[in-house]
Amino acid sequence: MQTQKSFFNTVALAPPDPIFGLVSAFQCDPRKEKVDLMVGIYRDEEGRTPIFSSVKKAEQRLLEREVTKMYLPIDGDPFYLEKMQQLVLGEAYVDRICATQTVGGTSALRVGAEFIKGQLTDEIHIPQLTWPNHKGVFLQSGMRLIEYPYYNHKTHTVEFDQLYSFLKGLREKSVVLFHAACHNPTGADLKIDQWELLADLFLKKRLIPFFDSAYQGLGEGLDADAGAIRLFFKRGIEMLVAVSFSKNFGLYGERIGGLMIASCTSSNLPAIRSQICRLIRTNYSNPPQHGARIVAEILSSDLRQEWEKEVEVMRMRMCQTRILFARKVNMAFLAEGKGIFCYLGLSPEKIESWVKNNAVYLAHGGRMNIAGLNEKNIDLVVKAFQSQ
């Protein structure tokens, strides 16, 4: 075969993902005593990411009665969507919501971003510290990013006064991304009275919140972690909500999530749904069914109580581990955080030192997965911390 010049010679090598690039380095590290505190997945005391008992039972039931692998509708499994809305919004969902099933929480963000770009605005306001992939998702959707103040590195708390002042200056129809609970990477959440002030402001200024809800149940509990979303919904505020069930069902590989768009009137919902379905059709055509049916089976059966206990076990283990680590390194603020992550605010040089000298791997800025700590490795991490 004649050799010819490739059309792809000009394709540049993309930079590695900031998280999964580190995972590759960790896997290649030959040291036996090494600690992975990077990726936002739950690990038990043995360092495993287990399948929930409730999930295994639900799968067995589904396999016994499954008769087809037919495509789902473009917008997803209707029964799953009903149960998703009930879990996130409580029993108040009824109407005013366009709910669609997505491929995990990331595609919920992406479809929501494309909808915003096409129908509302090409700008989105995001916290100055946020999940790194937020920027990539919105930039790839053609949106412009504007950061708002969120976290004070000195006090290790939310800069609410500065946040409120910034949002107060936004024009009508501005879209603002919020972490519904368990802020990634800091673990520092707004308090309910602060959310109430923001709800008043959003009503007055006619602003649009876009909630990212990836950790419901892992902060203060299933209902409390949905408190901000429910508050805004009950106030009649139009909004978007991206939902992920990767963490609180342990369904990482099933890629199950959803997008909800709340309108102040139900008459808008058919048009909204038509636009969302158009975006889904050209992105991934329709969603996978297995994860959706697991979630729906659990939430609609006697398995729900077992699942809630499993989520609570996860939550309490992370709370206790967080308190223990905070005490060992004498940093009380770490014990105040919620969810999977805490934020140490380390320089790239410090993080490199942790990796080189202690085989302790952290994400950019010193974001640490609390669930990655256990009795076997916590002292290794404390040693790295004390040697900085």
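Derivation of every value follows stated rules applied to the coordinates shown; laboratory data play no part. Remember, it's a predicted structure, so these values are computed and weren't measured experimentally. Virtual Cβ from ideal backbone geometry, glycine too; neighbours counted across all protein chains shown.
Checking every one of the GluC sites (Glu not before Pro) in the range 49-99 against DSSP loop status and a limit of 15 other Cβ atoms within 10 Å picks out Glu66.
Charges at C-beta only: +1 for Lys and Arg, -1 for Asp and Glu. How large is the resulting dipole of the range 167-300 about its Cα centre, in Debye rounded to 20? Intermediate results must be reported in sequence, preceding the final value.
Working: 16 positive and 12 negative charges, 131 e Å.
The calculated dipole for the range 167-300 is roughly 640 debye.
Running a GNM on the chain with Cα contacts under 10 Å, which residue among Leu145, Leu346, Leu63 ends up with the highest mean-square fluctuation? Evaluated over the chain, the most mobile residue of the options is Leu63. Pick from Gly339, Gly258, Gly250 the residue whose mean-square fluctuation is largest in a GNM of the chain, springs joining Cα atoms under 10 Å. For the chain, modelled as a Gaussian network with Cα springs under 10 Å, the answer is Gly250.
Computed from the Cβ-Cβ distance with R0 of 35 Å, the FRET efficiency linking Tyr71 to Ala335 stands at 0.15. Plugging the Kirkwood radius over Cα pairs into Stokes-Einstein for the range 108-258, at a temperature of 20 °C and a viscosity of 1.002 mPa s, what D comes out in µm²/s? The Stokes-Einstein estimate is 137 µm²/s. Semi-axis lengths, largest first, of the ellipsoid equivalent to the chain are 32, 26, 25 Å, with √(5λ) applied to each eigenvalue of the Cα gyration tensor.
Across all directions, the average projected area of the convex hull around the alpha carbons of the range 311-363 is 4.2 nm². Comparing Ser53, Ser274, Ser301 in a Gaussian network model of the chain where C-alpha atoms under 10 Å apart are linked, the largest mean-square fluctuation is found at Ser301.
Taken along its principal axes, the alpha carbon cloud of the range 91-137 reaches lengths of 34, 22, 20 Å, longest axis first.
If eta is 1.002 mPa s and T is 20 °C, what Stokes-Einstein diffusion coefficient results for the range 168-234, Kirkwood Rh from Cα pairs, in µm²/s? Kindly include the intermediate steps, with their values, before the conclusion.
Values: Rh = 12.3 Å.
Answer, rounded: 174 µm²/s.
Projected over every direction and averaged, the convex hull enclosing the alpha-carbon atoms of the range 140-190 yields 4.5 nm². Distances between every pair of Cα atoms in the range 173-298, grouped in 5 Å steps from 0 to the bin holding the largest one, split as 2, 10, 18, 21, 20, 16, 11, 4, 0 percent.
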